[in-house]
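The structure appears right after this line, and notes come after that.
The values are calculated or read from the model by the stated rules, or taken from the named source; none is laboratory data. Quick caveat, the model's predicted, so the values are computed rather than measured. Counting neighbours? That spans all protein chains shown, and the Cβs are built from the backbone with ideal geometry, glycine included. Please note that ligands, DNA and RNA were not included when accessible areas were found on the heavy atoms of the full protein model with its side chains. Shrake-Rupley method; radii C 1.70, N 1.55, O 1.52, S 1.80 Å.
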Amino acid sequence: YELMSLKKPFSGNGMRELIDRVISGKFDPMPTHYSSSLVQLCASMLSVDPKGRPSIKQIFQNDAMRNGGLVTLLKNVPRLSGVPEETREAIVKDIELVLETQKREKDCLLYTSPSPRDS
């Protein structure tokens, strides 16, 4: 959420209001320029019920993430001024690793797929 909206998902006027918002799962809507599938993925990650949250594997396999979501997140990470630089750098490295892995998987599929001439 924070990487996409550049703000924290929960806020309140005081600790009690903040706690109430976290417990109830109420957060501000995502910016409208994101796809509905990416917004749904983000909302599922903020689910109050831990069983309703996707695993990291499910997140990275989600179509929204595989089709440009990670690239968008990669662009936003440096803009997170409230996150320590070391953490931002680690996030960037992790996203780059996933993107490179996805590229290799795609290249392998292209290389091993039979060509139309082989049919």
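Kindly indicate whether any position in segment 19-39 is part of a loop (DSSP other than H, G, I, E, B) and of a type in the set (Gly, Ala, Ser). For segment 19-39, residues part of a loop (DSSP other than H, G, I, E, B) and of a type in the set (Gly, Ala, Ser): present.
Tell me, yes or no, whether segment 16-32 has at least one residue that is in contact (Cβ under 8 Å) with a residue 24 or more places away in the chain, exposed (fewer than 15 other Cβ atoms within 10 Å of the Cβ) and at positive phi.
No, segment 16-32 contains no residue that is in contact (Cβ under 8 Å) with a residue 24 or more places away in the chain, exposed (fewer than 15 other Cβ atoms within 10 Å of the Cβ) and at positive phi.
Could you please let me know if residue 84 is more than 16 Å from the chain's Cα centre (by Cα) and either at pLDDT 85 or above or open to solvent by 90 Å² or more (accessible area, probe 1.4 Å) (or both)? Show your work before the answer.
On the way: more than 16 Å from the chain's Cα centre (by Cα): yes; either at pLDDT 85 or above or open to solvent by 90 Å² or more (accessible area, probe 1.4 Å) (or both): yes.
So residue 84 fits the description; yes.
Cβ separations smaller than 6 Å between residues 6+ apart or across chains give the following pairs from segment 47-73 residues that are at pLDDT 90 or above to residues that are open to solvent by less than 70 Å² (accessible area, probe 1.4 Å): 48/25; 53/47; 54/44.
Selection within segment 39-53: residues that are hydrophobic (A, V, I, L, M, F, W, C), under 15 Å from residue 26 (Cα atoms) and in contact with a helix residue (DSSP H, G or I) (Cβ under 8 Å, 6 or more places away or on another chain). The member of this set that is surrounded by the most Cβ atoms within 10 Å (Cβ to Cβ) is 42. Scanning segment 54-81 for residues that are surrounded by 14 or more Cβ atoms within 10 Å (Cβ to Cβ) and part of a loop (DSSP other than H, G, I, E, B), we see that the one that is nearest to the chain's Cα centre (by Cα) is 62.
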